[in-house]
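Before any comments, here is the structure.
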């Protein structure tokens, strides 16, 4: 009889353990369900105005933190336009390559000096940038920098022209010297009945301005996307939370 009671007690204990395990599993599932519901309920939602402010802010921050090293690394072959790039092949002309290198250094220095002033102008335009559907731009990851460029392209090009006219004065003088000596050399080849290479552009100001603006806006778009994908602590008050 004592063995019978021992077996019943053992079965009762195992049954109780099974019930406890089942209850624990149910409680765990309920906890997970409640957590999921809570997360869904507290998921942040933003207004059109908040999305607009975030797009403006990310452009402003990009202007303040953009890496300008690509401007400083613009190769000579890019700084020369299509009518002048063949000068890089004219190794027979004395000192031409050294003069071209010195000219390119002057141009890069002028662009780096001008960049902060242009970025300040772009930052000012960001404050009045018109955004038709800011929430859609945030969701689609469309570039606010690109939108700004479209809206103010003519104004910014005019302002860049004024800035560069002054900054490029020395490099323009160097270029005039280069093209002057190049024409003398070409004329000598002509008199010697040798093959005469093509002429070079007398003025590269427009070409350099376009290269400069493209480099600045390409760098800004890259910086914008970097800021938009950088994690921001929720509840920090940062406008960039909209992009998380």
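Here are some notes:
- Contact order relative to length of region 44-189, as percent, for alpha carbon pairs under 8 angstrom and 6 or more apart: 38 percent
- Considering only the Cα atoms of region 39-129, their convex hull presents on average a projected area of 9.7 nm².
- Rounded D (µm²/s) - region 46-243, Kirkwood Rh over Cα pairs, Stokes-Einstein at 25 °C, 0.890 mPa s: 129 µm²/s
- Relative contact order, percent, region 176-244 [alpha-carbon distance under 8 Å, six or more residues apart]: 19 percent
Every number in this text was worked out from the coordinates using simple rules, so none of it is lab data. If you're wondering where the values come from, they're calculated on a predicted model, not measured in any experiment.
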